[in-house]
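Novice: Mind having a look at this structure? Questions to follow.
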Amino acid sequence: MKNMPLRLTIITVGVLAIAYFVIERRLDVGGPAKVCLSGDVSMIRVTAGTCLSPKDIKSMLQAPVLNNNGQAALLKLTPPNSATQKTPVKTCADYIKKIGHGWYALSQREMDKEIAFTARCGLLTALAQATTPRQSYVNDPKGLANLGWLPESLLPHFGESSSEIVQDDSGRHERSVAALAAAGECTIRQAKPDFLSLVCNLNDVSIQELARADFNEDGFEDMLVLLSAKPTGGTASFSEVQGLTRRNPSSMLETFALDVR
């Protein structure tokens, strides 16, 4: 599979906590020759079928971030040792460096402007991490709609209950989302290959596939997903990016934290 383009379906990524020099190293020393997107991605002005090289990704990281109006966004970040200082940030390269060193958006106004940065820069970070897998056990057409593959550990803020416990080949005791639904603990609202919406323990949960590639350098194809949750009828929300992998054809998916070295 060497030099084979990766097929990505990236929507957005909202969590960044790595330094820019790590991304530069990844783009310089390895990874696929090109990464091809399967859908339109407006935040980087790229249409479906476009293939990006490491050089393209580095150029995008160093270009100004644009807001919804197509204008250059200007975000002011505060260093971790100050409660008043604000320094302007224009590019993903600068944003990722500062976030990796603990800089943050202090005011609500800056937090609102930061959305454009987390979306674009998170997307480019995911692209920079991608390597070509040698083997895949996540290529089932059902994708996220295959509830028997999805582990309970993927869902936020859940504990053990009296529902059926299943054991995968790694020896870990893990319940599937299918088992949770069968036990009445979860109600499935929508199940599509790239999107799952459900209600569990009075929480609205959605899982959106962002990308498929090898993100942890073990040779197996992984899924990158955006997990969002909020109390049913509430306004507070929680979102994070998680990796899902499957190393043999008889196990459930396993969650893992993205690891960039």
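Novice: Against the conditions (1) closer than 25 Å to G100 by Cβ; (2) at pLDDT 80 or above; (3) not β-branched (V, I, T), where does R261 fall short? Just the number, please.
Specialist: Unmet for R261, out of (1) closer than 25 Å to G100 by Cβ; (2) at pLDDT 80 or above; (3) not β-branched (V, I, T): (2).
Novice: Among the residues that make up segment 158-174, is at least one of them surrounded by 13 or more Cβ atoms within 10 Å (Cβ to Cβ), closer than 29 Å to D218 by Cα and at pLDDT 85 or above?
Specialist: no
The values are calculated or read from the model by the stated rules, or taken from the named source; none is laboratory data. From a predicted model like this one, the values you see are computed outputs, not experimental measurements. Cβ coordinates were reconstructed from backbone atoms using ideal geometry, including for glycine residues, and neighbour counts include every protein chain displayed.
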